[in-house]
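Visitor: Submitted below is the structure of interest, expressed as structure tokens.
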Ligand SMILES: Cc1cc2nc3c(=O)[nH]c(=O)nc-3n(C[C@H](O)[C@H](O)[C@H](O)COP(=O)(O)O)c2cc1C
């Protein structure tokens with residue numbers, strides 16, 4: 001069983017933080033399909049400290065999705081500590097620190113992937129968050145800045161020493177962004193060199209991939225990101241249904257959870273992009289995607305999906 005501090009997970013397969021996607025309905029759905037832990041979208045420590053409405057909305061949670069890890073990003077240890085204290089009323093089971101996001105908006109302020117360039121600052125951030133937190137603190141990072149500077153082992157050792165309770169390693173460099181393939185050999189090396197749980201991440205498409213990557217790398221758990229979009233079956237041993245009839249119950253459940261927990265009209269664009277992904281492997285997939293994208297409102301979208309069978 002994967003244990004992070006005192007928290008035991010009933011599955012080592014974890015839904016990765018996905019800005020714009022890992023909202024409450026999708027997290028609930030993935031838990032229902034077998035994910036052992038779900039992670040929020042990344043939350044700006046400044047947004048939290050300034051109590052910005054958009055940031056606070058992302059913190060909405062209900063007991064059915066627990067355990068929940070809330071991910072913070074930022075580059076100032078003091079502000080990260082303040083944000084950590086402000087998370088207490090939300091009672092996350094874990095707090096994760098983003099040290100791997102390559103998006104310029106994040107890195108230009110020294111946060112996300114840029115922290116791999118400044119390990120001393122990364123250490124201060126981890127220590128500051130651990131000091132304020134009443135729950136285990138984890139770190140999510142990449143294997144290094146670029147192919148000449150693969151620093152995952154040293155970085156993970158630093159994180160462990162600074163008090164992190166687990167580390168997630170995405171097997172790409174900052175320079176790679178999302179190109180190329182995840183390097184699971186480096187992830188396996190990290191696993192050998194630290195004693196905290198190591199969660200491997202990168203290019204897992206389905207449940208079998210997850211089992212294979214864990215067996216090969218020795219990782220204690222894995223995170224699934226893009227492979228889970230339109231595919232909550234990635235967390236379940238039964239696997240993804242091949243037919244439209246098999247997929248529809250999952251699509252309908254996702255729509256139901258969206259109707260319950262999202263301002264559906266305001267988020268129609270996001271909803272369509274999530275729902276469109278369910279049909280990706282079907283013959284005539286573009287027909288279904290067009291049908292989804294042509295819906296003028298959420299009620300029509302539900303009706304059209306219900307009419308499919
Ligand atoms: C749309 C999108 C949003 C993401 N948002 C976050 C985020 O908020 N925090 C984070 O640490 N990683 C984020 N990531 C990275 C993923 O968590 C994951 O590390 C990466 O996609 C590799 O895993 P995968 O191959 O399973 O997708 C994001 C990735 C994508 C594609």
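The values are calculated or read from the model by the stated rules, or taken from the named source; none is laboratory data. Quick caveat: nothing in here was measured; it's all calculated off a predicted structure. Heads up, the Cβs are rebuilt from the backbone with ideal geometry, glycines too, and the neighbour counts pull from every protein chain shown.
Visitor: Could you tell me which residue of the range 19-40 is nearest to residue 221 (Cα to Cα), considering only residues that are within 13 Å of the chain's Cα centre (by Cα) and surrounded by fewer than 19 Cβ atoms within 10 Å (Cβ to Cβ)?
Guide: Restricting to residues being within 13 Å of the chain's Cα centre (by Cα) and surrounded by fewer than 19 Cβ atoms within 10 Å (Cβ to Cβ), the top hit is 19.
Visitor: When the range 232-267 is examined, which residues are found to be over 19 Å from residue 280 (Cβ atoms) and not in a loop (DSSP other than H, G, I, E, B)?
Guide: 256, 257, 259, 260, 261
Visitor: Considering 4, 62, which residue is buried (at least 19 other Cβ atoms within 10 Å of the Cβ) and more than 13 Å from the ligand (Cβ to nearest atom)?
Guide: Of the residues listed, the single one that is buried (at least 19 other Cβ atoms within 10 Å of the Cβ) and more than 13 Å from the ligand (Cβ to nearest atom) is 4.
Visitor: Another question about this same structure. Assuming residue 274 fulfils every condition listed in (1) outside the structural domain of residue 165 (by TED's automatic domain parsing); (2) free of Cβ contacts under 8 Å to residues at least 60 places away in the same chain; (3) buried (at least 19 other Cβ atoms within 10 Å of the Cβ) apart from one, which condition is it?
Guide: (2)
Visitor: Residues of the range 140-158 being part of a helix (DSSP H, G or I) and within 17 Å of residue 201 (Cα to Cα), which ones?
Guide: Residues satisfying the conditions are 152, 153, 155, 156.
Visitor: Please find, among 297, 281, the residue that is modelled with pLDDT under 95 and outside the structural domain of residue 29 (by TED's automatic domain parsing).
Guide: The unique qualifying residue is 281.
Visitor: Quick check on the range 300-309: of everything there that is in a helix (DSSP H, G or I) and more than 29 Å from the chain's Cα centre (by Cα), which residue is nearest to residue 253 (Cα to Cα)?
Guide: 306
Visitor: Could you check residue 77 against (1) within 16 Å of the ligand (Cβ to nearest atom); (2) free of Cβ contacts under 8 Å to residues at least 60 places away in the same chain; (3) more than 25 Å from residue 212 (Cβ to Cβ) and say which number it fails?
Guide: (1)
Visitor: Of all residues being in a helix (DSSP H, G or I) and surrounded by fewer than 23 Cβ atoms within 10 Å (Cβ to Cβ) in the range 214-231, which is farthest from the ligand (Cβ to nearest atom)? Just the residue, please.
Guide: 215
Visitor: Out of 51, 71, 82, I need the residue that is assigned by TED's automatic domain parsing to the domain that holds residue 123, in contact with a helix residue (DSSP H, G or I) (Cβ under 9 Å, 6 or more places away or on another chain) and not in a loop (DSSP other than H, G, I, E, B). Which one?
Guide: Going through 51, 71, 82 in turn, the sole match is 82.
Visitor: Something else now. If only one of 229, 262 is within 20 Å of the chain's Cα centre (by Cα), touching a residue at least 40 places away in the same chain (Cβ under 8 Å) and not assigned by TED's automatic domain parsing to the domain that holds residue 61, which one is it?
Guide: One residue alone meets the criteria, 262.
Visitor: Being within 16 Å of the ligand (Cβ to nearest atom), modelled with pLDDT of 95 or more, in a helix (DSSP H, G or I) and crowded, with 24+ Cβ neighbours inside 10 Å is the requirement here; does residue 204 meet it?
Guide: no
Visitor: What do you reckon, is residue 17 touching a strand residue (DSSP E or B) at 6+ places or on another chain (Cβ under 6 Å), under 21 Å from residue 258 (Cα atoms) and more than 16 Å from the ligand (Cβ to nearest atom)?
Guide: The answer is no for residue 17.
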